[in-house]
Structures are given as C-alpha cells and as structure tokens.
Amino acid sequence: MADEKEIDAVQDLGTLLPSTKFVINYKDEKQLTKDLHYVANHLFPLCSDAASIYTADSDTSQSDYTLRVVQGGITNLLFLMTPKSNDNTALKSRKHILIRVYGENTEVLIDRPRDERIFYDLGKVGFGPQLYGLFGNGRIEEWYSGAHAVKLHEQKHCQQIAAVLADMHAIHPSFLSQERSTASLWTVIDEWYDIASKVEFVDQVKQKKYKELDWPNIARQIKFMKCILPSETNQYKLDEIFAFIVEQFNDDPDRKQKVEKKLFDEVNKMAFRFMCEVVFSHNDLLGGNLLYLQEKQQIKFIDFEYGSYNFRAFDFANHFCEYAGFDGNWKNFPNKAHIREFARDYVARFCSEQNDKHEQIDNNVLCLIQRKNGYTSQDIERFLDGCYDAIMLFTAIDNYFWGLWAVVQAKHSPIDFDFLEYANERLVIGYQYAIKSLSEFVRFPC
C-alpha cells in the first residue's frame, strides 16, 4: 500500500492527461475498430510523431497496435491494445493498454467525471491501474499483464483480498473530503428507487416481469431497513437501532430477552460500531473487479465506478453476495466460519496499518485485537461474531442496491443481458436468502 493515505487534490484531469473529445462509434463494428486504433495511436503514440501521422481516417494496417476484445463486465466495452512486434527498442519497451468505452446510458447511474477522478487518484498512489488518457466516451488505462479475475466461489486468495480491502478503507481521497463523514448508501438507494419504480417497458414480457417485482413491498422493505441499519431514521445511533430490532419481539418475551442480551453486549456493540463506520469503499467487489497478478502473486482491485464513502460492512456484504454470481447461485454464499476468518484477517491488517498513524480507529478495538486492557481471546471471538451479524444485516440492503441497479439497466442499457431476471434474483430471491440468514435476531415484515 502507498505510504500516503491522504490523496492530494489535483487540477482538472484534462490538463494532466492526453485527452480528446473524439467519440468512439461502438454501434458499427468496422468503425469501432478504426476508432479504437485512432484513439490508441493518437492519445498513446509509440513514436514521437505517431500522433500527428495517424488520423481518424488512417487505415488500421498503419496502426502500431493490435486489437483484442476483452471479456469483462456487463456495463462497458473493453479492448486490449498491444504494441506490434518491431525492431525499434523504444517501441518494444511500451506496455499494453486497455481502452474502456463507456456503456450507453451509463451516465444515468454513474457520474463519469467523478469516476475518472477517483480512478486517477487511486492509480497515482499505486492502489489501482493508472489512467493514461481520456476521450469523449471512455478512457485509456494501464493493463495488468498476466492477471486473471478471481473466481469467488473457489474461495482462494481470501486473506489477500481482506488485506487489500483494509488498505482501501484506510485511503482518503481529498477530492472526496466533503463526503468523508457521510455514507452514500441511502442517497443512492433513494435515487435508484425513484428511477426504477417509475419506468415502463414497451416490451410486454419485460413489463410483466417488472410488475411482478411488487414495488409497494419494495418501498416497505426499504423503509424497514432504514430502521435496522444506520440512517436518518434512527439518527445513525446504534442504541436506537438495537431498540427497534428488540421491539419486534414484544409478543415473545423469551426471544426478546435473548435478542436484547445479544445485541447490547458491549463487545457486540463495539463490533457493530466498527462495521458501521464510514470508510472509502469500492461497493462493487465482484470477482471480475478483483485481479490476481500471477507473477507478483498480488490481488488488485479495479473498476471504481461505484466507489464512495460508505459503511464498512457494506463492502463486506457486497463482496460475499457476489459469491452467488450473476446466475444467483446462493449455495455459493460463504458460511459463517469463512466470513469470520475474512473479518479476522481484515481487522488484523487494518489495525496494523492504522496503529499509531491515525485517529480513526477505535482505541477499544485496537486494545481488543492486541488483548490489552483485560480483553481476552474469547472477547475477540465475540467481536468477530458481532462483525458477522453486522455484515449479514447489510446483505439485505446490498441485494436491494444491485436489484434496483438492474431495473434501471433493464430500461436504459442496450447490452444483451436479462437485467430484469437479475433484478428478481436480487430483490426477491437474494433478499429472502438474507432474511432467512438473519432470522435469529431480526424479524422482517412480511
């Protein structure tokens, strides 16, 4: 991790990077190929005069690059540009580059100038790929050679992923300094719900799927989740959250007593406070956004399009929900033991990174991990149990976060993907899975 946790604000990216307003035509395959070669040669020329020689009308045979489509996510188009073999030593030394063409209408969900600035800042401190250039509807990025996406269900590299996540949560881009103490979760949920709940589809099959999502119930569930998670509803106060959860068992005194004892335990409260702290978060930790660099044996996070300050536990919850994949195989969701060990590795890394360097870590958490002030190994295990419960609470809202996203994509994205089926997978099936997992201490409305 970079030594500097505070990322300095920088001037406008257009003054720092090669840029053009040229827009790539991705709807015509032949023109797309020409445009990609033009952008690569114009913004990242391999020879000093190449940019002036190669024009938008040049034949691709004159390009200093070869082109390959990269299979990635379901939002953007990705292309690898590789320098052609050449006896020129300078040309041989140049690296591969990645061209990212933004998906159509993605600006409905993503603030592109903000995304580009975050991407640039993280690349400058070595946390993510470097940003090389910008064009009208995309950018040129550093390419990680010898890297492959992580298959989450295989549960490999988990200790490394936990460590990188801890490193990311210690970063504070000064570009986002005004957001530092505010979680973006409910702002995004409310905005996406407002869009998603009002769309209409000309295609009657899509419209039928959309109506079956039961929007009145979705609104009711969101309102409930604002009561059991930190929000303006409870003034972000943990005691009010726990009191509300306990009240749901007023008709069952024995159960109520057990839930109250569990929640208000001091170590459990410490764990919840820790997991509900606001940190700079990725918010989209699916396997495709985690690369394993084979030669360096490192994990790298990529694609920070949804990066923002958010509750720590949300990043955990999102990551574990992604084990189910786009096909919604919830059998792959990790068990309690796995999540606890991941949290253990994360806390160990986070405390080691933060110790004596920053004020943001709760001193009680630090003492607990270091077994000081009377804390024992049993207290650590109780703390991890609390972390697990907090993470599982956030799995419910993570399913709604990406379910609402999928509805908006179904309306606006031209990509051939059944977004409405995925919306059902998250808003209905994934949400029910989360509810069932939380049934020990949370009673959700029907």
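Condition first: outside any helix (DSSP H, G or I) and at negative phi. Now tell me which residues in segment 314-327 satisfy that. Answer for segment 314-327, where residues must be outside any helix (DSSP H, G or I) and at negative phi: 326, 327. Filtered by the rule that a residue be assigned to a helix (DSSP H, G or I) and free of Cβ contacts under 8 Å to residues at least 24 places away in the same chain, segment 191-216 gives 191, 194, 204, 205, 207, 208, 211, 215, 216.
Condition check for residue 132 on (1) of a type in the set (Phe, Trp, Tyr); (2) under 21 Å from residue 296 (Cβ atoms); (3) in a helix (DSSP H, G or I): one failure, at (3).
Being modelled with pLDDT under 90, more than 22 Å from the chain's Cα centre (by Cα) and open to solvent by less than 50 Å² (accessible area, probe 1.4 Å) is a description that applies to residue 354. Every residue in segment 156-179 that is open to solvent by 40 Å² or more (accessible area, probe 1.4 Å) and either touching a strand residue (DSSP E or B) at 6+ places or on another chain (Cβ under 6 Å) or of a type in the set (Val, Ile, Thr) (or both), please. Of everything in segment 156-179, those that are open to solvent by 40 Å² or more (accessible area, probe 1.4 Å) and either touching a strand residue (DSSP E or B) at 6+ places or on another chain (Cβ under 6 Å) or of a type in the set (Val, Ile, Thr) (or both) turn out to be 157, 160, 179.
From 423, 390, which residue is open to solvent by less than 10 Å² (accessible area, probe 1.4 Å), among the aliphatic types (A, V, I, L, M), in contact with a Cys (Cβ under 8 Å, 6 or more places away or on another chain) and within 30 Å of residue 245 (Cα to Cα)? Step by step, each of 423, 390 is checked, and only 390 is open to solvent by less than 10 Å² (accessible area, probe 1.4 Å), among the aliphatic types (A, V, I, L, M), in contact with a Cys (Cβ under 8 Å, 6 or more places away or on another chain) and within 30 Å of residue 245 (Cα to Cα). Criterion applied to 300, 372 was being in contact with a strand residue (DSSP E or B) (Cβ under 6 Å, 6 or more places away or on another chain) and open to solvent by 10 Å² or more (accessible area, probe 1.4 Å), and the one residue passing it is 300. Would you confirm whether any residue within segment 328-348 is under 30 Å from residue 26 (Cβ atoms) and either part of a helix (DSSP H, G or I) or in contact with an Asp or Glu (Cβ under 9 Å, 6 or more places away or on another chain) (or both)? The answer is yes, given that some residue of segment 328-348 is under 30 Å from residue 26 (Cβ atoms) and either part of a helix (DSSP H, G or I) or in contact with an Asp or Glu (Cβ under 9 Å, 6 or more places away or on another chain) (or both).
Results for (1) modelled with pLDDT of 95 or more; (2) buried (at least 19 other Cβ atoms within 10 Å of the Cβ); (3) of a type in the set (Gly, Ala, Ser), shown as yes or no for each residue.
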{"site": "121", "(1), (2), (3)": "no, yes, no"}
{"site": "124", "(1), (2), (3)": "no, no, no"}
{"site": "148", "(1), (2), (3)": "no, no, no"}
{"site": "154", "(1), (2), (3)": "no, no, no"}
{"site": "182", "(1), (2), (3)": "no, no, no"}
{"site": "194", "(1), (2), (3)": "yes, no, no"}
{"site": "208", "(1), (2), (3)": "yes, no, no"}
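Residues in segment 265-285 that are open to solvent by 30 Å² or more (accessible area, probe 1.4 Å) and hydrophobic (A, V, I, L, M, F, W, C): 278 alone. I'd like the full set of residues that are over 16 Å from residue 222 (Cβ atoms) and either buried (at least 22 other Cβ atoms within 10 Å of the Cβ) or touching a Leu at 6+ places or on another chain (Cβ under 9 Å) (or both), limited to segment 404-414. Matches in segment 404-414: 409, 410, 412.
The values are calculated or read from the model by the stated rules, or taken from the named source; none is laboratory data. Just so we're clear, the structure is a prediction, and the values are computed from it rather than from any experiment. Note that we place each Cβ from the backbone using ideal geometry, even for glycine, and neighbour counts take in every protein chain shown. Note: areas computed on protein heavy atoms with side chains; ligands, DNA, RNA excluded. Shrake-Rupley method; radii C 1.70, N 1.55, O 1.52, S 1.80 Å.
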